[in-house]
Amino acid sequence: MSDGTEKTVLITGASSGIGQATAVRLAAAGYRVVLGARRTERLAELAEQIRGAGGSAEYRALDVTDAEDFRAFVEFALERYDRVDVVINNAGVMPLSTLDAGLLDEWNRMIDVNIRGVLHGIAAALPLMRAQGHGHFVNVASIGAHEVVPSAAVYCGTKYAVWAISEGLRQESGGDVRVSVVSPGVTESELADSISDPEAAAGMREYRKVALPASAIADAIAYAVSQPSEVDVNEIVVRPAATR
Ligand code: NDP
């Protein structure tokens, strides 16, 4: 992977799990990474680690549920690096529960972060990419964008939406803006920590025994990002071999 030089990649949800692993992976390949999340102390550590290894990283607090904040994040990247080549819409939450539980606040949080967060990223960066004449969105969906399981109705609904929005953007883009969906199966991260429903949490603990390392998803993202401009990787689905 050698096309990284000069390219600027914005990564949401870079403070843990897949986002963090992706930042490390892309920075090692020469990309200039701009890290966003709410926990800035973690971003500061990660940026320091990347710079210590010879890479280039900047970070800024970002709440993807706030459209203005996302715009400011893109502005920040432009100020620091003069260009925005790739936006990785990776931030996500997954407080699983059955619909019977009626946990409206958790449903709304998933909608706000997983769907609105992606739309805010598109709204903030698409005009700039159009003006530049090139750009690339990598939207992290899930195998939950393809199949629904009990206790994951709302989460899967948000990921179906990410898939649909990405596909619509790809069809509208006319080739100047590429769109890749990366859909992970179960992967080591902090994603399951926010599950408040005891039954859903127990089910997830069992499922996570075969979790992939986050670096496996970072590799898939790096593959999509590193393709030449005429190649648009539409979707990569990565599951643990032990799951069906
Ligand atoms: P983590 O919980 O480890 O990471 C989630 C990241 O999202 C954190 O960095 C968190 O940062 C960030 N985030 C959450 N809310 C916001 C917000 N409002 N604004 C900005 N950032 C936010 O989980 P993963 O690494 O697993 O998740 C990454 C993506 O991968 C998600 O979209 C998830 O749905 C998807 N995925 C994960 C799978 C898995 O098994 N791990 C499987 C399929 C898909 P902070 O709290 O600091 O803001």
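The values are calculated or read from the model by the stated rules, or taken from the named source; none is laboratory data. Note that the coordinates shown come from a computational prediction; the quantities given were computed from them, not determined experimentally. Cβ sites come from the backbone with ideal geometry, for glycine too, and all protein chains shown count toward neighbours. SASA here: full protein model, heavy atoms, side chains in, ligands and nucleic acids out. Shrake-Rupley method; radii C 1.70, N 1.55, O 1.52, S 1.80 Å.
A few remarks follow.
- Here residue 108 passes the criteria (1) within 14 Å of the ligand (Cβ to nearest atom); (2) without any contact (Cβ under 8 Å) to a residue 24 or more places away in the chain; (3) more than 23 Å from residue 160 (Cα to Cα) except the one numbered (3).
- Scanning the range 97-122 for residues that are more than 24 Å from residue 202 (Cβ to Cβ) and among the charged types (D, E, K, R) returns 112, 116.
- Matching residues in the range 113-129 - criterion: being under 23 Å from residue 221 (Cβ atoms) and open to solvent by 10 Å² or more (accessible area, probe 1.4 Å): 113, 115, 116, 119, 120, 122, 123, 124, 126, 128
- Only one of 193, 219 that is surrounded by fewer than 22 Cβ atoms within 10 Å (Cβ to Cβ), modelled with pLDDT of 90 or more, assigned to a helix (DSSP H, G or I) and within 11 Å of the ligand (Cβ to nearest atom): 193
- Just one residue in the set 62, 43, 35 is farther than 24 Å from residue 177 by Cβ, in contact with a strand residue (DSSP E or B) (Cβ under 6 Å, 6 or more places away or on another chain) and within 11 Å of the ligand (Cβ to nearest atom); that residue is 43.
- Restricting 225, 238 to residues that are away from the ligand (no atom under 11 Å from the Cβ), at pLDDT 95 or above and either under 23 Å from residue 23 (Cβ atoms) or aromatic (Phe, Trp, Tyr) (or both) narrows the list to 225.
- Qualifying residue in the range 123-135 (condition: more than 9 Å from the ligand (Cβ to nearest atom), under 30 Å from residue 202 (Cβ atoms) and of a type in the set (S, T, N, Q)): no
- Options 170, 205; residue that is part of a helix (DSSP H, G or I), within 16 Å of the ligand (Cβ to nearest atom) and open to solvent by 60 Å² or more (accessible area, probe 1.4 Å): 205
Table: residues versus (1) under 20 Å from residue 133 (Cα atoms); (2) open to solvent by 50 Å² or more (accessible area, probe 1.4 Å).
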{"residue": "66", "(1), (2)": "no, yes"}
{"residue": "82", "(1), (2)": "yes, yes"}
{"residue": "93", "(1), (2)": "no, no"}
{"residue": "102", "(1), (2)": "no, no"}
